[in-house]
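The values are calculated or read from the model by the stated rules, or taken from the named source; none is laboratory data. Every value quoted in this text rests on a predicted model; they were computed, and no experiment measured them. A quick note on method: Cβ atoms are made from the backbone with ideal geometry, for glycine too, and the neighbour counts reach across all protein chains shown. Accessible surface areas use protein heavy atoms only, side chains included; no ligands, DNA or RNA. Shrake-Rupley method; radii C 1.70, N 1.55, O 1.52, S 1.80 Å.
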Amino acid sequence: MSLYIEVDHDRHIDLFVQDIGEGQPIVFLHGWPLNHQMFEYQMNTLPQNGYRFIGIDLRGFGKSDKPAFGYDYDTLAHDVKTVVEYLQLENFYLTGFSMGGPIAIRYATKFANKELAQLILAGPAAPSFTQREGYNHGMKKEEVDGLIEALQSDRPAALKDFGEGFYHSDISEPFGEWFHSLGLEASAHATIACAESLRDEDLREEVSQIEVPTLLLHGKHDEICDYAFSEILNEKIPNSTLLPFENSGHGMVYDEKEKFNQTLLELLK
């Protein structure tokens, strides 16, 4: 079932949500600058095994509305809260991939209710995507500024270059074209604004506040979000487990999709 859910009544902003299957729900938050379709191989598997797949297109991305503002982590996480409440989800799992990771973390620390059962962070762009004092992991802020300038100059080319290091496995040319097209479905202003949020936001002080069990999944060959991100999160999140994906880059949902899917199924059981 596909539906639109209003997350801002004053500005009439709707998010597109793909809701497939029955049973225990697992919500997916996509990475930058993609949409829920990046989880195609999970969308195919989970409903067939008795679970409910819920994929949200964040505002500005995919088929969701694309307002001028609202691309900070607080607003994006509050949007998730509104969707969860509208669907009246119970005992649900929340999976945040890449940029979806810090949004899932902010949801868990600020907006979650007792129905959030488990957090799954896959290649998360957290606790900070960029380097800071006392934190030498990730891109330099100047590098993100360069990416933003490239987006402003030639967004299709910039996204193609960014996507070159996404997968560790060999992908077909048609798959690469399809993957590239997902990023182009996003609005230019949302793509840039979320890049600024990735550059500027810092969750190092709040990750210790996560109260639900957390599973960290991370590709050992990740060229976009350092594997060290999840090692740090594993140290700071009280009830967390880190599972490395030895043959994956950033895109473990495809690089090792069988392992990724089986991990989710075993966790849901």
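Restricting attention to the stretch 43-50, does a residue exist that is β-branched (Val, Ile, Thr) and under 22 Å from residue 255 (Cα atoms)? For the stretch 43-50, residues β-branched (Val, Ile, Thr) and under 22 Å from residue 255 (Cα atoms): present. Inside the stretch 23-68, residues that are farther than 21 Å from residue 121 by Cβ, open to solvent by 40 Å² or more (accessible area, probe 1.4 Å) and either of a type in the set (Val, Ile, Thr) or in contact (Cβ under 8 Å) with a residue 40 or more places away in the chain (or both) make up a count of 5.
List the helices (runs of 4 or more DSSP H) inside the stretch 219-269, counting only whole elements, that have at least 1 residues being open to solvent by 30 Å² or more (accessible area, probe 1.4 Å) and closer than 22 Å to residue 105 by Cα.
Details: elements: 227-236, 252-255, 257-268.
In the stretch 219-269, the matching helices (runs of 4 or more DSSP H) lie at 227-236, 257-268.
With the condition being within 15 Å of the chain's Cα centre (by Cα), I'd like the strands (runs of 3 or more DSSP E) fully within the stretch 1-72 carrying at least 3 qualifying residues. Reasoning before the result, please.
On the way: elements: 2-8, 13-20, 25-29, 52-56.
Correct list: 25-29, 52-56.
Looking at residue 154, is it open to solvent by 30 Å² or more (accessible area, probe 1.4 Å), without any contact (Cβ under 8 Å) to a residue 12 or more places away in the chain and part of a helix (DSSP H, G or I)?
Values: open to solvent by 30 Å² or more (accessible area, probe 1.4 Å): yes; without any contact (Cβ under 8 Å) to a residue 12 or more places away in the chain: yes; part of a helix (DSSP H, G or I): yes.
Spelling it out, residue 154 is indeed open to solvent by 30 Å² or more (accessible area, probe 1.4 Å), without any contact (Cβ under 8 Å) to a residue 12 or more places away in the chain and part of a helix (DSSP H, G or I).
Taking the residues in the stretch 189-218 that are among the β-branched types (Val, Ile, Thr) and assigned to a loop (DSSP other than H, G, I, E, B) as candidates, determine which candidate is farthest from residue 256 (Cα to Cα). If we take residues in the stretch 189-218 being among the β-branched types (Val, Ile, Thr) and assigned to a loop (DSSP other than H, G, I, E, B), then 210 is farthest from residue 256 (Cα to Cα). Across the stretch 131-151, the qualifying residues are those that are part of a helix (DSSP H, G or I) and small (Gly, Ala, Ser), and the one among them that is surrounded by the most Cβ atoms within 10 Å (Cβ to Cβ) is 150. Listed conditions (1) open to solvent by 10 Å² or more (accessible area, probe 1.4 Å); (2) among the hydrophobic types (A, V, I, L, M, F, W, C); (3) more than 27 Å from residue 263 (Cα to Cα) are all met by residue 20, apart from (3). If I filter the stretch 115-130 for residues that are assigned to a helix (DSSP H, G or I), modelled with pLDDT of 95 or more and of a type in the set (S, T, N, Q), do I get at least one hit? For the stretch 115-130, residues assigned to a helix (DSSP H, G or I), modelled with pLDDT of 95 or more and of a type in the set (S, T, N, Q): absent. Is it the case that the stretch 179-194 has a residue that's over 30 Å from residue 65 (Cβ atoms), surrounded by 15 or more Cβ atoms within 10 Å (Cβ to Cβ) and among the hydrophobic types (A, V, I, L, M, F, W, C)? No, because not a single residue in the stretch 179-194 is over 30 Å from residue 65 (Cβ atoms), surrounded by 15 or more Cβ atoms within 10 Å (Cβ to Cβ) and among the hydrophobic types (A, V, I, L, M, F, W, C).
Do we find that residue 214 is more than 15 Å from residue 102 (Cβ to Cβ), in contact (Cβ under 8 Å) with a residue 12 or more places away in the chain and within 16 Å of the chain's Cα centre (by Cα) in this structure? No; evaluated as a whole, the condition is false for this residue.
Any residue that is aromatic (Phe, Trp, Tyr) and more than 17 Å from the chain's Cα centre (by Cα) - is there at least one of those in the stretch 131-152? Step through it out loud before you land on a result.
Pass one, the stretch 131-152, residues aromatic (Phe, Trp, Tyr): 135.
From what is left, the residues that are more than 17 Å from the chain's Cα centre (by Cα) are 135.
The answer is yes; a qualifying residue exists.
What are the residues in the stretch 83-109 that are β-branched (Val, Ile, Thr) and either outside any helix (DSSP H, G or I) or open to solvent by less than 30 Å² (accessible area, probe 1.4 Å) (or both), if any? Even if it seems obvious, please write down each step before you answer.
From the stretch 83-109, those β-branched (Val, Ile, Thr) are 83-84, 95, 103, 105, 109; that's our starting set.
Matches in the stretch 83-109: 83, 84, 95, 103, 105.
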